[in-house]
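Everything on this sheet refers to the single structure shown next.
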Amino acid sequence: GVLAGLVSITAPCATVEPWASMMIGFLGAFVYIGASYGIKKMGIDDPLDAFPIHGVCGAWGVLSNGIFATRSNIARTYGFENDAVIDGNQFRNQFIAVIVIAGWVSFTSSLIFFPLKYAGLLRVSEEEEEKGLDESEHGKATGSNGVPLQNLGAEKKSAVLEKGSTTNV
């Protein structure tokens, strides 16, 4: 939740009051939890929760600027006053910005990821995935806690190899 709050407040930090920044960060934690649950429910593999943290909480932060920004902070930050927050135009502008950013990221990412996919370089083989990337990429098998498997006792090592994880080791 802490990282979600920090990502959420990054966009509006210059235009919101301290109480609003705490509210944005607090709500960002719940936005993260909902987004993380949602992508897992859809079967999307994101083991680091990068999209819920950076994508969804980042979007929430951009949108929150249209809700919590103050006229005086806008004037102090940008050098001019406007009533965009009061009349709702700021939220509309922020919403459009989220759509444009998402479109730009999708477009530029596709320039990289589609060629990698068609060249067969985007994913590792199923065998390497099952075996674990620590061994194929780094030359030695380690568990999720970073302990090299050769440093484990025989009983624990066989349990790890059967389960594929050292979380409980």
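Within the range 58-81, work out how many residues are surrounded by 14 or more Cβ atoms within 10 Å (Cβ to Cβ) and either closer than 20 Å to residue 17 by Cβ or at pLDDT below 95 (or both). Walk me through it before giving the result.
Going through the range 58-81, the residues surrounded by 14 or more Cβ atoms within 10 Å (Cβ to Cβ) turn out to be 58-71, 73-74.
With the extra rule that they be either closer than 20 Å to residue 17 by Cβ or at pLDDT below 95 (or both), the set shrinks to 60-71, 73-74.
Going through the range 58-81 one residue at a time, the tally reaches 14.
What is the residue count in the range 62-93 for residues that are in a helix (DSSP H, G or I) and out of contact with any Pro (no Cβ under 6 Å at 6 or more places or on another chain)?
Just the residues of the range 62-93 that are in a helix (DSSP H, G or I), to begin with: 62-68, 71-78, 84-87, 89-93.
Narrowing further to those that are out of contact with any Pro (no Cβ under 6 Å at 6 or more places or on another chain): 62-63, 66-68, 71-78, 84-87, 89-93.
Selection size over the range 62-93: 22.
Give the number of residues within the range 44-57 that are modelled with pLDDT of 95 or more and of a type outside the set (A, V, I, L, M, F, W, C).
3
A quick yes/no check of all residues on (1) at pLDDT below 95; (2) farther than 16 Å from residue 63 by Cα; (3) open to solvent by 100 Å² or more (accessible area, probe 1.4 Å); (4) part of a helix (DSSP H, G or I):
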{"position": "95", "(1), (2), (3), (4)": "no, no, yes, yes"}
{"position": "104", "(1), (2), (3), (4)": "no, yes, yes, yes"}
{"position": "117", "(1), (2), (3), (4)": "yes, yes, yes, yes"}
{"position": "127", "(1), (2), (3), (4)": "yes, yes, yes, yes"}
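Anything in the range 1-32 that is within 12 Å of the chain's Cα centre (by Cα) and either loosely packed, with under 14 Cβ neighbours inside 10 Å or at pLDDT below 95 (or both)? List them, or say none.
1
Can you name every residue in the range 82-93 that is of a type in the set (Val, Ile, Thr) and open to solvent by 60 Å² or more (accessible area, probe 1.4 Å)?
Within the range 82-93, 86 is the sole residue that qualifies.
Condition test on residue 53, is it farther than 24 Å from residue 12 by Cβ and either without any contact (Cβ under 8 Å) to a residue 12 or more places away in the chain or not in a loop (DSSP other than H, G, I, E, B) (or both)?
Details: farther than 24 Å from residue 12 by Cβ: no; either without any contact (Cβ under 8 Å) to a residue 12 or more places away in the chain or not in a loop (DSSP other than H, G, I, E, B) (or both): yes.
It is false that residue 53 is farther than 24 Å from residue 12 by Cβ and either without any contact (Cβ under 8 Å) to a residue 12 or more places away in the chain or not in a loop (DSSP other than H, G, I, E, B) (or both).
The values are calculated or read from the model by the stated rules, or taken from the named source; none is laboratory data. Predicted, not measured: the structure shown is a model, and the values here were computed from it. All Cβ positions, glycine included, derive from the backbone under ideal geometry; neighbour counts span all protein chains shown. Quick note on the areas: whole protein, heavy atoms, side chains included, nothing else; ligands and nucleic acids left out. Shrake-Rupley method; radii C 1.70, N 1.55, O 1.52, S 1.80 Å.
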